[in-house]
1. Where the convex hull is taken over the Cα atoms of the stretch 67-118, what is its projected area averaged over directions, in nm²?
2. Report the Cα-based extents of the stretch 129-282 along its three principal axes, largest first, to the nearest Å.
3. Considering the chain as a Gaussian network with a 10 Å cut-off on Cα pairs, which listed residue, ARG40, ARG202, ARG31, attains the greatest mean-square fluctuation?
4. If all Cα-Cα distances of the stretch 55-172 are sorted into 10 Å bins from 0 onward, what percent lands in each bin, rounded to whole numbers?
5. For the stretch 1-101, evaluate the Debye formula with one uniform point scatterer on each Cα (no solvent term) and list log10 I(q)/I(0) at q = 0.18, 0.24 Å⁻¹, rounded to two decimals.
6. Using only C-alpha atoms and all pairs of different ones, pull out the Kirkwood radius for the chain in Å with one decimal.
7. What is the extension gain from LEU97 to ALA280, computed as 0.36 nm multiplied by their sequence separation minus the C-alpha to C-alpha distance, in nm to one decimal?
8. Mind checking the full-extension length gain between ARG196 and LEU150? Use 0.36 nm per residue of separation minus the Cα-Cα distance, one decimal, nm.
Amino acid sequence: MNGAAPDWLFPAFAGGLGAVVGSFLNVCIHRLPRDLSIVRPRSACPCCGRLIAWYDNVPILSFLLLRARCRGCGAPIAARYPLVEAATAGLFAALALLRGPGIAFAAGAALAGALVALIVIDAEHQILPDAITLPGIAAGLFLAPLQAWLEPQGPGPGAVLLDRLLGAVLGYLMLFLVNAAYRGWQGLQGVKPEERLDGIGRGDFKLLAMIGAFLGTRLMLFTLFAGAVTGAVWGVYLMAFHGYGWRSKLPYGVFLGAAAILALFVGEPIVRWYALRLEAIP
């Protein structure tokens with residue numbers, strides 16, 4: 001009798017773990033923009049204040065059983081809660097299928113979870129909390145060389161750490177310089193310093209640094225390109241059909257985060273394909 005675990009077991013476990021992590025991410029999404037603790041107090045209905053029992057806090061399932069209503073007051077529960085849980089579960093399961101058990105899965109899951117929270121917070125509040133991005137940078141710089149040490153398949157831990165440091169620093173500096181150039185351009189137009197606007201939010205600098213710390217320099221550049229293209233297309237759409245102007249705010253972190261998730265799964269083969277096409281040019 002073969003004692004090996006079935007192939008579906010780890011992806012199923014990862015999906016369940018992702019749903020639980022998604023439930024915690026919902027707490028972060030609700031509380032961090034409001035400067036509330038993510039530890040205390042216990043979760044409660046924002047309408048009636050009723051503490052949420054454990055059996056009403058089972059990811060996805062409780063939302064369905066409660067028919068999207070609070071058990072106490074009947075207030076509607078936002079669809080964002082099960083969507084975040086389902087998205088995180090799906091990303092974790094997909095990472096498990098792609099990478100299998102190990103440090104590579106752990107690093108990818110840490111990045112994916114942080115990105116889900118940041119995307120939703122930026123979409124709802126147009127902020128990217130330091131409480132996620134700064135620990136995320138540290139986690140990326142720690143996990144990448146650890147992975148190179150535990151699963152030696154390419155460059156050593158030192159080279160990997162150097163690449164991640166470069167990705168983090170370049171990610172921050174590139175957006176910082178673009179924003180500085182935009183503020184300088186406003187100065188040339190006669191806009192007073194106190195009236196000048198940021199073209200890119202300061203949180204986006206740290207978000208791209210976090211992405212660089214996890215994914216390295218090449219995939220950070222891929223993320224920047226994909227995020228810029230999709231953000232520009234969406235911005236043109238809003239300007240053409242919804243009355244947005246050049247000074248309207250756009251949650252760029254949503255596009256950077258989505259592009260980083262794309263890079264996490266398919267960025268490496270796309271970058272390799274592009275590099276081969278460049279080499280083929282005479």
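1. Averaged projected area of the stretch 67-118's Cα convex hull equals 4.5 nm².
2. Principal-axis extents of the stretch 129-282 (Cα, largest first): 54, 39, 29 Å.
3. In this elastic network of the chain, the residue with the biggest mean-square fluctuation among ARG40, ARG202, ARG31 is ARG40.
4. Binned Cα distances yield the sequence 12, 31, 32, 16, 8, 1.
5. Reported log10 I(q)/I(0), two decimals: -0.87, -1.26.
6. Averaging 1/r across every pair of different Cα atoms and inverting gives 20.7 Å.
7. That works out to 62.6 nm of additional length.
8. On the way: separation 46, 0.36 × 46 = 16.56 nm, distance 4.83 nm.
Computed gain between ARG196 and LEU150 is 11.7 nm.
Coordinate-derived values only; no laboratory data. Just so it is clear, the structure is predicted and the values come from calculations on it, not from any experiment.
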